[in-house]
Amino acid sequence: MAGDNPRFIRHLRAGRKSAFNELVLGFKDRVFNTAYRFLGDWQEANDVAREVFLSVNKNLRSFRAKSLLSAWVYRNTVNICKNRLKSRELLKKGAGAALADAQGAQNLRFRDMPHRLFEKKELELSVQAAIMALTEECKEIVLLRDIEGLSYGQIGEILGIEESAVKSRLSRARFALKDSLSGVIDA
């Protein structure tokens, strides 16, 4: 993908369908994965991904070339996820139920698989549950750094905070994860 190439960005702003298709192909998996890890729901992550690309397409003219295109797309993703969490009150009420349903389905699906595969899936579900239980602030930092692999600078740009704040929040988030996963993972 051409990414942050000024010519590519001009083509996007000019409304070239091929440039927008390239943007979607280049970011669709990362946007979906971020949304899924943020929300814990496959269908909602799909909806968010669609919403992100509609928003990006609609607001391309407001994109400031001073920031990275990837940071702008992630910022859109995180903001849409935050809005969904707020509007549905998933943080307080429904996130645990959706995850418990998913865990139950995974348990049935893997019951006849080898023991190690089952343990790995259980571990993944435990980590996902621990991430879902984090505060919104901690969750977004963990997802962007540890799951998406973004740099501190990129995360700071996406969230509009200093690099030192990113590091501090990440430290708190990792400590909270370690605490909630004690007994599940030997640290």
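The values are calculated or read from the model by the stated rules, or taken from the named source; none is laboratory data. As the structure is a computational prediction, the values presented were derived from the model and not from experiment. All Cβ positions, glycine included, derive from the backbone under ideal geometry; neighbour counts span all protein chains shown.
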Practice task
Select from the range 16-58 the residues that are outside any helix (DSSP H, G or I) and either of a type in the set (A, V, I, L, M, F, W, C) or free of Cβ contacts under 8 Å to residues at least 12 places away in the same chain (or both) and list them in ascending order.
Solution key: R16
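With the condition kept exactly as written, say whether any residue in the range 127-147 is of a type in the set (S, T, Y), free of Cβ contacts under 8 Å to residues at least 60 places away in the same chain and more than 25 Å from N83 (Cβ to Cβ).
Quick first cut of the range 127-147, residues of a type in the set (S, T, Y) only: 135.
After this cut, where a residue has to be free of Cβ contacts under 8 Å to residues at least 60 places away in the same chain as well, the list is 135.
Of the ones still in play, those that are also more than 25 Å from N83 (Cβ to Cβ) are none.
Within the range 127-147, not a single residue is of a type in the set (S, T, Y), free of Cβ contacts under 8 Å to residues at least 60 places away in the same chain and more than 25 Å from N83 (Cβ to Cβ).
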Exercise for the section: Please state which of the following conditions L54 fails to meet, knowing it meets all the rest: (1) among the hydrophobic types (A, V, I, L, M, F, W, C); (2) under 25 Å from A129 (Cα atoms); (3) at pLDDT 85 or above; (4) surrounded by fewer than 19 Cβ atoms within 10 Å (Cβ to Cβ). Expected result: (2)
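Conditions tested, residue by residue: (1) modelled with pLDDT under 90; (2) exposed (fewer than 14 other Cβ atoms within 10 Å of the Cβ); (3) not polar (S, T, N, Q).
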position: R10; (1), (2), (3): yes, yes, yes
position: G15; (1), (2), (3): yes, yes, yes
position: D47; (1), (2), (3): no, no, yes
position: R64; (1), (2), (3): yes, yes, yes
position: L68; (1), (2), (3): yes, no, yes
position: T77; (1), (2), (3): no, no, no
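Looking only at the range 129-165, count how many residues are in a helix (DSSP H, G or I), over 28 Å from W42 (Cβ atoms) and of a type in the set (A, V, I, L, M, F, W, C). Can you show your working first?
Just the residues of the range 129-165 that are in a helix (DSSP H, G or I), to begin with: 129-133, 136-147, 152-159, 163-165.
Narrowing the set further to residues that are over 28 Å from W42 (Cβ atoms) leaves 152-153, 156-157, 163-165.
Narrowing further to those that are of a type in the set (A, V, I, L, M, F, W, C): 165.
Residues in the range 129-165 being in a helix (DSSP H, G or I), over 28 Å from W42 (Cβ atoms) and of a type in the set (A, V, I, L, M, F, W, C): 1 in total.
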Handout entry: Selection count, the range 152-187, where residues are over 18 Å from R37 (Cβ atoms) and of a type in the set (S, T, N, Q)
Key = 4
Practice task
Take the range 17-41 and flag every residue that is surrounded by fewer than 17 Cβ atoms within 10 Å (Cβ to Cβ) and either among the charged types (D, E, K, R) or under 12 Å from the mean Cα position of the chain (by Cα) (or both).
Solution key: K17, K28, D29, N33
